[in-house]
Every structure is written in C-alpha cells, then in structure tokens.
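A quick write-up on the structure given underneath.
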Amino acid sequence: MDYAFYHFILPIPDHVDFMIRKLKSESKRLIGNYPSMHARAHITINNYPRKPLDVDVQGFSFLGRKLGLLPSVVFEIDGFDCFNEGNNYNKTIFAKLKLSEQNQYWLKLLKDIVGDSSTIPHITVARAITPEQFERLWPYFQKREMKVKFVVDRLTILKNLLLDIDQHAKTYREFEFRGGENELTMLDNLASTRQFKNYPSINQQISLF
C-alpha cells in the first residue's frame with residue numbers, strides 16, 4: 001500500500017520568495033549544492049504523520065471551518081538565525097521572524113487547530129548542510145540585515161507520495177483565512193472550552209499534537 005506524508009505550511013508571497021531564492025543562489029555559489037536550495041520559501045507549521053492513501057482523512061475538510069475563522073496575518077523578517085546542533089548534520093540557516101504579541105497569539109490559535117511540530121517559525125535558506133558548509137556560509141549571514149513585512153492569507157497542505165519517483169511535494173489543499181477579531185475571540189473560547197473538557201487538571205501539560 002502506498003503512503004502519503006502531509007506538510008502544513010504558511011506560503012510566502014512571491015516577492016518574498018524571490019528574495020529568498022536570491023539568497024539561496026548566493027549560498028550555492030559559496031558552498032555548492034545543498035538540500036532545499038530549490039524549494040519555494042514557506043513557514044513550516046506541522047508535518048502530518050504518514051497515512052495510507054485510503055485514509056487520507058478526507059482531504060482534511062474538517063479543518064476548513066476553524067481555519068476560515070482566522071484572519072490574515074502580517075509577519076516581519078528581521079535578520080537571520082541558525083540551528084547549529086552539536087553533530088555532523090542538520091545544520092540550518094534561516095530568515096528569522098520577528099514575532100509580535102499579535103503574531104504569537106495568532107500562531108497559538110493556528111497550532112491549536114492543526115498541531116505543532118515547528119517550535120520556532122522560520123523561513124529556511126539552507127537546510128541540513130554539513131559542518132564545513134555551515135562554517136563557510138554562516139559568517140555571510142550572521143550580521144546581514146533583512147527587514148521585510150508580508151501578509152499570509154492561507155494555509156497550504158502539501159502532499160508527498162513516499163513511492164513517487166520525483167519525491168517533490170505537491171499542493172493538496174488550501175484554506176483561506178477570512179476571519180476578523182470576533183472570530184478570533186470565538187476560536188479562543190472554543191480552545192479554552194476544549195482544554196477544560198479534555199484536561200481537568202489545570203497543572204497538566206497540554207500537547208497540541
């Protein structure tokens with residue numbers, strides 16, 4: 001049986017994707033080929049566990065109503081940061097998001113709907129590069145300035161077929177954010193009610209996904 005893997009992302013507007021692609025091209029000139037150098041810019045929210053194709057959760061239609069209550073949101077890129085784990089792989093350089101209180105509140109509501117696997121929302125420039133590549137590339141970004149605001153107006157679900165030859169994720173579903181302040185209050189109340197029902201102990205840690 002074939003399996004699919006789903007990626008929940010916030011897509012980035014074309015003008016920001018163009019800026020990130022230029023940075024990826026500059027990075028390739030400095031360190032050579034690397035994973036993600038051709039990927040379109042996005043903010044990862046969650047990676048949904050792989051499921052057999054005959055139980056692909058009905059296209060995630062059950063998410064549509066709640067996601068539709070969320071309003072569009074403005075994010076701001078403010079420089080660069082990195083994941084530099086103490087091992088010989090999985091070093092990543094990314095465009096850093098400056099998260100206001102409104103951004104954090106909005107992300108809290110979004111992740112209560114779709115779950116959370118990315119603890120630091122970010123836009124990847126160079127992912128899973130080697131220590132040698134990282135040492136050459138990070139000084140190029142470490143003090144580099146980049147400030148740009150952009151609007152996110154939808155959530156996109158990408159789908160990977162694990163046995164697909166090209167292994168490229170394709171757009172599976174999109175949900176627009178059409179809400180306003182009243183809808184945000186409604187979502188927050190729904191989330192609070194659900195947590196109260198499902199987690200009777202106020203000291204219990206809540207796992208969203």
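The values are calculated or read from the model by the stated rules, or taken from the named source; none is laboratory data. The model shown is predicted, which means the values in this text are computed figures rather than measured ones. Just so you know, the surface numbers come from the protein's heavy atoms only, side chains and all, with ligands and any DNA or RNA stripped out. Shrake-Rupley method; radii C 1.70, N 1.55, O 1.52, S 1.80 Å.
Just a few scattered comments:
- Scanning residues 5 or more positions from Ser100 or on other chains, none has an amide H under 5 Å from its amide H, with H placed 1.01 Å from N in the peptide plane.
- Greater than 19 Å apart at Cα, pairs in Lys24/Lys170; Lys149/Lys170; Lys66/Lys111; Lys111/Lys149; Lys66/Lys149; Lys22/Lys111: Lys24/Lys170; Lys149/Lys170; Lys111/Lys149; Lys66/Lys149; Lys22/Lys111
- Thr119, Thr171, Thr92, ranked by accessible area, largest first (probe 1.4 Å): Thr119, Thr171, Thr92
- Net lengthening on full extension, Ile120/Asn103 (0.36 nm per residue, minus Cα-Cα): 4.9 nm
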